[in-house]
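Participant: After the structure tokens below, expect a handful of questions from me.
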Amino acid sequence: MTDEDLRRTTYYGDRPTSSQPRPERAGERADRRSESAPEPLKVAVIYYSATGSVHELAQSVAQGARDAGGSVRVVRVRETAPPEAIEANAQWRAHLRDTHAVPIASLGDVEAADVLVLGSPTRFGHVSSQLQAFIDTWGPLWGDNAFADKVFAAFTSSATRHGGQETTLMSIYTTVCHLGGIIVPPGYTDPAQFATGNPYGASSTSDNGQRPPTEEDLRGAWVTGHRAVRVARELAAGRRVLGA
Ligand SMILES: Cc1cc2nc3c(=O)[nH]c(=O)nc-3n(C[C@H](O)[C@H](O)[C@H](O)COP(=O)(O)O)c2cc1C
């Protein structure tokens with residue numbers, strides 16, 4: 001990851017940079033009706049990745065969110081695995097070293113975000129303990145109802161096709177229900193989704209880190225980030241109209 005990539009992906013305040021088509025514009029129409037331009041929605045892409053697949057998906061999720069007008073911050077959760085486990089896996093070791101400069105997610109990131117997109121490798125059909133450990137620190141924010149009406153989406157990577165991707169995504173969404181968040185999955189709203197075959201969130205199949213996400217996987221990740229922000233913008237525009 002270059003310094004420029006880091007600057008573009010880890011700090012709020014980015015402007016849309018991609019020439020990807022922007023098919024969904026209802027939120028923009030609503031924005032134009034309002035008297036002054038609203039602040040861009042804050043988007044936190046929060047992920048764990050041991051060997052890089054989820055990290056790559058996170059970049060495309062972030063780009064989709066940015067292209068939908070979001071101000072995007074990409075952060076990773078803290079590594080909690082014992083050093084000897086990391087040392088024993090060259091790819092894990094290299095990825096941790098290469099992404100050292102990506103900021104560690106904080107409660108402040110979570111609190112500030114209007115949209116949270118959460119990414120985790122599939123671990124025995126479930127969320128990685130690293131991401132779950134971070135989520136488990138959200139109790140005080142949950143107690144303050146801080147998550148109510150925030151928009152959420154999720155992404156994952158597994159070694160094998162259907163090796164638990166959907167259960168992992170649904171595990172994340174179970175948490176979102178407890179938080180009172182609004183789940184915005186990609187569904188089959190884009191042709192790429194018929195190729196990924198996963199309406200629950202973005203995903204890739206890595207063959208244990210041997211296969212990077214395909215163009216279709218990355219497009220699915222872009223759609224996931226884009227749609228979450230587009231829907232969040234429409235909700236925000238509706239709230240402004242209603243004075244809610
Ligand atoms: C402890 C552990 C459990 C895993 N469980 C599954 C699983 O249930 N199904 C599967 O297909 N892959 C499983 N995998 C493989 C990872 O999900 C897969 O390699 C993924 O692409 C890793 O993402 P990352 O490169 O972002 O770390 C597991 C890997 C580990 C280390």
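Participant: Limited to the range 143-174, what total is found for residues that are within 23 Å of residue 41 (Cα to Cα) and within 15 Å of the ligand (Cβ to nearest atom)?
Facilitator: 3
Participant: Here are some conditions: (1) open to solvent by 40 Å² or more (accessible area, probe 1.4 Å); (2) away from the ligand (no atom under 16 Å from the Cβ); (3) closer than 19 Å to residue 77 by Cβ. Residue 93 meets all but one. Which one does it not meet?
Facilitator: So the condition that residue 93 fails would be (2).
Participant: Scanning for something within 22 Å of residue 206 (Cα to Cα) and part of a helix (DSSP H, G or I), does the range 115-129 turn up at least one residue?
Facilitator: Taking every residue of the range 115-129 in turn, at least one turns out to be within 22 Å of residue 206 (Cα to Cα) and part of a helix (DSSP H, G or I).
Participant: I would also like to ask the following. Output yes when any residue across the range 143-164 is open to solvent by less than 50 Å² (accessible area, probe 1.4 Å) and in a helix (DSSP H, G or I), and no when none is.
Facilitator: No - not one qualifying residue is present in the range 143-164.
Participant: Do we have residue 210 as within 16 Å of the ligand (Cβ to nearest atom) and either open to solvent by less than 10 Å² (accessible area, probe 1.4 Å) or at pLDDT 95 or above (or both) here?
Facilitator: no
Participant: So which residues in the range 51-76 are assigned to a loop (DSSP other than H, G, I, E, B) and surrounded by fewer than 24 Cβ atoms within 10 Å (Cβ to Cβ), if there are any at all?
Facilitator: Result: 51, 52, 69.
Participant: Mind listing whichever residues of the range 165-180 are of a type outside the set (A, V, I, L, M, F, W, C) and either at pLDDT below 95 or open to solvent by less than 20 Å² (accessible area, probe 1.4 Å) (or both)?
Facilitator: Residues satisfying the conditions are 165, 168, 173.
Participant: To continue, here is another question. How about the range 188-207: which of its residues are more than 16 Å from the ligand (Cβ to nearest atom) and under 19 Å from residue 43 (Cβ atoms)?
Facilitator: 189, 190
Participant: Where residues in the range 130-142 are in a loop (DSSP other than H, G, I, E, B) and without any contact (Cβ under 8 Å) to a residue 40 or more places away in the chain, which of them is farthest from the ligand (Cβ to nearest atom)?
Facilitator: 137
Participant: Just need a number here: residues in the range 78-103 that are out of contact with any helix residue (DSSP H, G or I) (no Cβ under 8 Å at 6 or more places or on another chain) and assigned to a loop (DSSP other than H, G, I, E, B).
Facilitator: Summing the residues that are out of contact with any helix residue (DSSP H, G or I) (no Cβ under 8 Å at 6 or more places or on another chain) and assigned to a loop (DSSP other than H, G, I, E, B) in the range 78-103 gives 4.
The values are calculated or read from the model by the stated rules, or taken from the named source; none is laboratory data. All values derive from a computational prediction rather than experimental measurement. As a convention, Cβ positions derive from the backbone with ideal geometry for all residues, glycine included, and neighbour counts pool all protein chains shown. Note: accessible area is taken over every heavy atom of the protein model, side chains too, but ligands, DNA and RNA are not part of it. Shrake-Rupley method; radii C 1.70, N 1.55, O 1.52, S 1.80 Å.
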